[in-house]
Every structure is written in C-alpha cells, then in structure tokens.
1. Residues of the stretch C:545-562 being touching a strand residue (DSSP E or B) at 6+ places or on another chain (Cβ under 7 Å), closer than 19 Å to residue C:497 by Cα and in contact (Cβ under 8 Å) with a residue 40 or more places away in the chain, which ones?
2. Can you find, within the stretch B:187-202, the residue that is farthest from the other protein chains (Cβ to nearest Cβ) among those that are surrounded by fewer than 24 Cβ atoms within 10 Å (Cβ to Cβ) and touching a residue at least 40 places away in the same chain (Cβ under 8 Å)?
3. Name the residues in the stretch C:240-293 that are within 14 Å of chain A (Cβ to nearest Cβ) and on the phi > 0 side of the Ramachandran plot, would you?
4. What about residue C:217, is it surrounded by fewer than 24 Cβ atoms within 10 Å (Cβ to Cβ) and part of a strand (DSSP E or B)?
5. Out of the residues in the stretch C:49-86 meeting the condition of being under 22 Å from residue C:160 (Cβ atoms) and crowded, with 18+ Cβ neighbours inside 10 Å, tell me which one is modelled with the lowest pLDDT.
6. Within the stretch C:599-647, track down each residue that is out of contact with any strand residue (DSSP E or B) (no Cβ under 7 Å at 6 or more places or on another chain) and within 14 Å of chain A (Cβ to nearest Cβ).
7. Residue B:145 is checked against (1) crowded, with 24+ Cβ neighbours inside 10 Å; (2) outside any helix (DSSP H, G or I) and fails just one. What number does that condition carry?
8. If you go through the stretch C:423-444, how many residues are under 27 Å from residue C:654 (Cβ atoms) and either more than 30 Å from the chain's Cα centre (by Cα) or crowded, with 19+ Cβ neighbours inside 10 Å (or both)?
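The values are calculated or read from the model by the stated rules, or taken from the named source; none is laboratory data. Note that the structure is a prediction, hence the values are computed from the model and not measured. Here the Cβ positions follow ideal geometry from the backbone for every residue, glycine too, while neighbour counts run over all protein chains shown.
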C-alpha cells in the first residue's frame, strides 16, 4: 500500500511526512513528526486529549485523517508557548494547580486557548460547555475552570 | 493487505463519478466524525474515501429565495457563527450545534449527520420540523428531497449509487413562525440523544396556531415527521390542552427500543415531555417574530 | 487553613509543581510516548464471549501475514500453581494474575486476552489477529452478583471452594470467601432500639476512567535481561509481577516509569507489560503495546457491582444501638473483590458498641476487579449513609447532628479491630454544620444531602534519597510515580528540612535499579510514607552538613546547628564563625569528605485514618428524571496539607468521581454477557458542564505519627458522594434511590412508581 506524501504547516513551520490513508492526524503528529504532546485517550472524539487547531478550528486530531492536513495549518500544544515564554493559560494552569496527572492538560490548553481567542470574557458556564469535550478524571474541573478564568482576566488586562 | 484510496475532488461531478464507480466500497468524507470512528473500530472498511471538502459548493452558506442554502459539509462551528441563519432558524442551528463537543463542531456537518443514518441524529428532527429539503447530486443529475425522506433505517438512506447530498435548503421562514429543538441526554454534553424533538409552529395575529411540524429522533428506527403531533396544535392557541394532546401524539408516534441509552418506557414518556417544552420555546419565538 | 502561621517556611504553601512545565508544554512523556528503534507493534486478541472453553488456537495463518514477527498465547507463559505468594505488599495469586493476562483453557469474560501478535505495523498486527483461529466452546455465563451466588449458577472455577465458612464446603461455587467483622452483640443492640431502619442497596460496576490507556514498551536482550518502559502506579510492582509471570528473577527486569496519566488504583496491577515482554522475548525486538479505549473498559479493572443490606437501630434520642450489614461484592472473573474493606469501613465513622459486617466475595463473568480509590468503601458507605439518612428522618433529627451524636472519637474501638488514636471526624461534621452551604436556601425540586466516609490510609515500605549537587541544589529521588503532584509535596518537605528554597530542590522518579524497593503509589500513602522517607533522608543530609561544617571550623559536631539552610555555631562558646550555607558546604565538599547525600529506607507505620463529610445540593427534573448537582462542599480532616492546592484537588476529584458513580457511570452488559458501553461516549464520566465548583474545607487535625502531621487524603473523598447525592435526591423529590447510578431512566421509573404524592421533606 503506497503511502501518501503530505505537505503541511505545523506550529508555523513547513513540515512533510508520509502516511497511510487511514492514519489519523493524531497518529501522524505523534509517530511521523514526533509531536507526542497530543494524546490519545479514546480514539473516538470523546475525550479531547488530542485537541489541535486545524486551519484555525478546534478539532480532535484523532477524528481527522492525516492526508487532510495537506496544504493546511495545524497548531499543537508544542506551539503554544512563545519560545521560553509560556502562554498565560499555561502559566495559570500551573499556578492554580489545574492539573494532577497531566495527560489531559495539552488538550485542555489548546481548547481553552481557542475559547479565549474568540471570547476574551467567557462566563463560567460558557467555559464549562466549551470544555465539555475535554475529559479530566483527576480534578473535578474546578481548578481548570478557575485557571481559564484567571488567564482571561490577565489577558484582558494585557490587551 | 487491503488498500485504501483517498481522493479530494474539486467538483461535485467528479465526486459523484468516483462514488458511482466504487459503489458500496466508497464513502464520502466531510467532517469524518462518524466515518473515522467507524473505520477505526473496523465497523466499516471502505476502499475509496472521497473527501468532499475541496468542493466549494459543499462549504457555502448563501441566501436563496428568502431562505438559505447551506453546503452539506459546512461544519457546525461555521453555521453557528452565521447570525442571519441563527436568527431565521434558531432551532435548526441549535440542533446542529448540540452534536458532540466544541471539537466535533469544528468538523461535523449537516450532510454527515443526516447521511450517517442514525435515528438519533440531532440535526435531523430539527430540519424535518423546519421543512428543510436537501439537494442531491447523482449520476443522473440533481434532485431535491425533503429531509424526512432520506433516512430509511438505522445506517441506511434512500440515496442511490453515486448519490451525494450537496446542500440543504432552509426555506424562508413564514411570519410569526418559530422553531426549536430539544433533546434528552443523561449528561449535559457529549451524549447521543435518548430522545430528540424538533418543533416548528406558525401563529396568526391572534395567537392561534395555523401551521406546525414536529420531528422526532431516537424513538424509532428512523427520524420521524409526526403529522398527528402537528395536528394537535393546529387550530389551537397552544393552551394546556393542546400541549397535552401534542405530548400524547408525540409519545404515541414512538416505536423505540430498550438499549444502553434508555428504555422504551422512558423514551415514550420523555418524547411527550420534550415535545411540550420545545413547542413552548417555538411558540415564544413565533410570537416575537 | 494552611498558612505560614504554622511556623513553616514551605509546608502549607502553594508553589508551582516541579514537573509542571513539562506537562503544560506537551514535553512530558507518558506511557504511549516512548519509542525504540526497530520497535514492533503488539496487539492483543480478546475473547468475544463472556465464558467459553478454548479448545484450540491456530495461529499459523497469522504468522504468514507479512510483517508479523511473533504470536504468543498462554503456552508462552509458565503455568503457575494455584495459591497465594507474598510479594512486596502482600499476598497475591499469581496463577489468577497470569490467567487474567492471558487466558489458559477458558475465557472468563468479554475482552479476556487469548493471544497476542507483534508485527511491524498496526495494520499487519490487526490483520494477523483476524487470522488467528480460536476454537471456542461457549458456556453459560453469569454477570450479576446475586445470580452468581445461586445454586446452579454457571460455575467459573471448578476448584473454587468458599473460604471462611466452617466446615469448608465440599462443592465448588462462585463464592470465593465469606468474611465477618463484629463487635459486641448485634441482636442485643437491636433489642435496645426504639427505631430500626432497614434497606437494600445496589451499585453498578464503575471504572476508574483514567484518561491514559495502559501502555508499555518491552525489550528483552539476548542475555535475557529485560527493560520495560511503562505507565503504572509502581515500577517495583511491575517488576515483581512480570518476573513471576515470565518465570524470571526480579533482578533480570528493569522497569523505567513514565509519567502516569491517571490510575486511581487501576494501575496497581499489570496487563500489557508481561505480554509485551513475552512478544519481545520471542521476536527478539522491542515491542510496544498501547491499549485502545475499548480494551481498557473491557479488560482492565473496574470495581465491583454490589448488593448491600443494612439494618440500624437507635434510641429515640438518636443513640445508635446496633449496626448490621451484609455485603455481596462481585470480583470479576477471579476472586479478590474489595468486600473485606467494605466490611471494615462501613460503620467506621461511628462509635458503636454492637456492630457486625458480613461480606461475600463472588466471581462472575466480568473483567477482574482492580483497586479503585478507597476500594470497597463507597458502596458500603452508600448503604450505611443512606440508612442513616432514613433514620434521621424517622427520628426527626438533623442528619449531621445524628452523625455528631454517634461520631467516632479518640479511643473509639472500630468494628474492624483497632482503637482510634487522634482523629478528626467530629471536626469534619462540625465544620459542615457551621458551613454557610448547610443553611443556604433551596428552591422547588431541590434537596440537600449529607454523608460521611472513612478510609484507613496506609504507610508501608518506602525509600528515598536526597543528593546535594555541587551547585548547592538538591535532588530528591522519590521512587513513587507522581499521579497528582507528589513531586511538589516531596520537594516542599525536603526544602523545609534543608532550609533551602523550594526552587533549589528537584525531585525525580527513578527506575527500579536506581533506588531500593518502594511500595506502590496507592492507599493514600505517598505523601505520608514516602514523605517520611524523604524527611529522613533530608535529615541525614543535614547531619552530614553539620559534620562538614564542624570539620571546616574544627569544632565538635555538637557545636554546630542547622538553621535556615545554614550551619551556625550552636553558641558563642563554640567560637565566632560566619555561617556556612548549604551551597558553600556543597562547593567545598571535595575537601570535607566527598559528595553529600542521604538515603532512607523505612517501613512506615502510623498512617492517620481519614474522615470526610460532604454536603450536596441537587435539583431533580420530575418529568425527565434528570439530576443536576447545584452545589457541593467536601470537608475532610487532612492532617496537615503540605501543598493545599493539590490536597483540595484530591477532594474535588474524588467528589467528581463519586458524583459520576452516583448519577451516570455504569457497566452495561448485553444478554450475551458482552460489554455494551466500552467507550467514553456511553460510559458517562462527568464532563465540565455537569459539575459546579466543588468547595473544599481542609480540617487539620495533625497526625502525630508524621513529622508534619500528614494524613493520606486521596481516597476518602470518593466515599461520601454516593450517599450524599442519593440523600439529596431523596430530599428533592421524596424518592429514595436504592440503586445507583440514579440515571434518568432509573430515577424516572422510581418517581413514577412512587406516584403516591408524598410531599418532599
């Protein structure tokens, strides 16, 4: 079975890889590009641990084919910090202890950033519904929601 | 080892040609939120995947004849950002946006939700209630069909070999008309509907219901248009009695199964409860239109 | 509650965790993130039947698939004799473990492994699995705990005779054992009672639901030395268990722990690790196995579904005269449900003179149970705490006042044996009573429930080392996988002892060859027991630093004190010396005796028992049976919170899991005994929009047996929620849910059945 060649942009850099047609974008990121920050928790779009941005839309990378990345832009957790400067969400997640085991954290961060990029002042309810596709089994979500609220306040103050 | 081909044609004609050629071995790919899960769990093993997202017509949202034409591959997140569509058919858009998570919304499409053939698809009862039709392209040209005619059984549709749903037509909304969709799920998000109800009502100046459509999901082998439920409303002022008749008619139309998501008894009862509640929202909207 | 008023510099503060940066940037390596050159993909063939005899396995066609390098079945593992062996933390039946990892002769549940393949790609491995022909003779099955106890029920094991009954039965059954704990004379206690409440309570099986599926990479060298990289709650456990299952010495296996993406008890055993080792041994190449989510649900440890009978008697003024409970817990396919722990914890929060708990451990055709956060306790507490709520209603007493009147205190003799030393149960009830939440107004269809919970907490074998680097920083070698911030608490305690900044302490989690044995991360033991080892190792470092300073100053070591990270003369009599900092002593260590380090190995005793009391408000939709949790407060005696944020996180996370258990999580089996919902779509763990903020109150009654007063905190908070939610539902709509989860169809059916309009109280 001949592999497909895909040219794409990941975290602002041009990347190329070979993949099988039925390989998911998540598998390509992890196995072909070595970007293991996106995690597979379910493989069915139910946990959000594989969240990435695809052409500016939040998606589950386990529910996109790698071949679909051709000519498109992918953003992952690995591209979230600006050099050694953490994104405010990354910082507030640490300050608020919004992670325990940390496996869901990359997905939450990517999803939360997508929210704050479009709505700088979401209500608690909006945060909870926006993040409903990201499962966390450790925290009960309390500190995650607080970390997003705190980052939102800080980002509004900076803006 | 089996091989899979991936194609991303730029026109409807090419897509149809490829789908017609490969027949059952081909699957169109829009958002992939059902297709890729089914492939991964090896429920299906297509040999040809036809990605329809490079076809501009399937990604367009445009005004047409006082209503809207919505491409079959438009993701929920995109339609939800279209204020004009939301203002005209809030029930349809709400139903579409209830499918899955924010992440799923970035990909899932009306065409996929319908053609996956699930009796529990959220957007289908809402589209049925709103009188939405779909445009279907096939080897013999194009045809228009009401949404309620598409799904015939779980996982099965009335589409012929090589046929592809290209777009949906959301008709112009009559005056004093409102639609709404409600579903029941055990959690607040992320579940498949246990019951889904779409209701659209039209009122006259005096508040009497002059037209209604009711769509039901997850309570029968396929999504249903329920004329008896609509009849319970037409000619009434949507008083308590009419609402009780609506609930009874909605419940009576159910032919559900017991499964891991709910019991027959539960579905039948809750279909009535949600029909009443959705009709309440739809009539509020109708009054303010 | 925790602040610097305690006089500590670091204990009780909330610094950023040392491993945090890697976890917010995607850099942290979890189980599935490791790769090796030449690595093969391992996949496991699983039984589609609930119960069947395996008459034969033909893998010849699988081996013919291009890219397939090895196939293993039970034949590739040594047959282990029946019976328990002592390993590490306690008795373990390795025959059962081996048969669970790879079925031998019979498959006992849907998802039970029967063979495994290693191939150059996942596709090749999957194709090979399709081509393995297994000849199954399907047998009748049983998945319900009460049905499995019936005479004539399908028998899982022909050699299983009930333990703990006299005389020992002469016929095998599915009842593996009967246990009993009692104090006083229960019937005499009931004779004193003015009021007796009785009830039967049922819970469904639930899964730990960690987001990270089990994953391992194994590599077996030509000399038989093995390396395993994996996610687990204990690398030493993985080493010992794999060694037994493969028939090699422990020392032949080195286990390198990855970060762990949640465990909650479910990663206190092995599944894929020995299979990856067997495949690697056969293929001569490294093999990686990562479970799919459906494999996690079908074949890894859920906890028991249970049936619990409770009877409680009390006097009119609210003194409990007797408590009696009978627990039936399903263990899955092999014995070992946590029923004994259910018996021991059921009435533990209360001071009772007459109390009895009888438990039955029952095998059924479901996956073998694994530990789940306070194993066995939530189901027993659901029964007892629901019955107490009924009792409070009958007595016309406030349910918290009833608990307070009967609370266990210092000196109370628990039904399971010991007398409690200093405990903080009363304080949790008082804090709940005093909380504003307890008096907040409720609207229509809303109700408030309370419940308490007890957990032993454990100590155990623990090791730790503290190394001083030449630059004046310190490394804490903490042998326990960090599931929820334990690196932070270890660094805090080490910094406190050493008197240096928290940021100057860096904890690492080593492999099995780099530090002596330590028990698993479990039993809420790490911050307590491993923390004690860290404190001990750090104190050794301080002693060494004092002796080095004494050398530099040429004084007796008794003349040197360690204060605030510096050696100082104990008094002016010793002489006038400028203080020597840890950094200065580290820098000069070559001249004073070489590198500075401490290492401690202990078997920690004196884990302080933990108690919690939760308050929950719900709203019930009477037309759909939906329950919405409106407000939740978790109060717990935590001894002392080393890092309060992560302690609060334990309370919040435990409460969320308990709420899921109470409302929507359950294993659903088909008539054929196959699992119907092996995914996060239909196994419904709470999502963010399902929950409110979860308030916490940390009550601190220090554990006198720990240098900083630590009690374990992780397990208690999952115990009260089941009953707290059920009691809240009762008060919202008048209907008592005796069967959890109170999913909408189940609750609506109960509401409709109880249509006699009885006003909610």
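1. C:545
2. Checking each candidate, the answer is B:202.
3. C:262, C:264, C:265
4. The answer is no for residue C:217.
5. Top of the filtered list is C:80.
6. C:642, C:643, C:645, C:646 - these are the residues of the stretch C:599-647 that are out of contact with any strand residue (DSSP E or B) (no Cβ under 7 Å at 6 or more places or on another chain) and within 14 Å of chain A (Cβ to nearest Cβ).
7. (1)
8. Adding up the residues that qualify gives 14.
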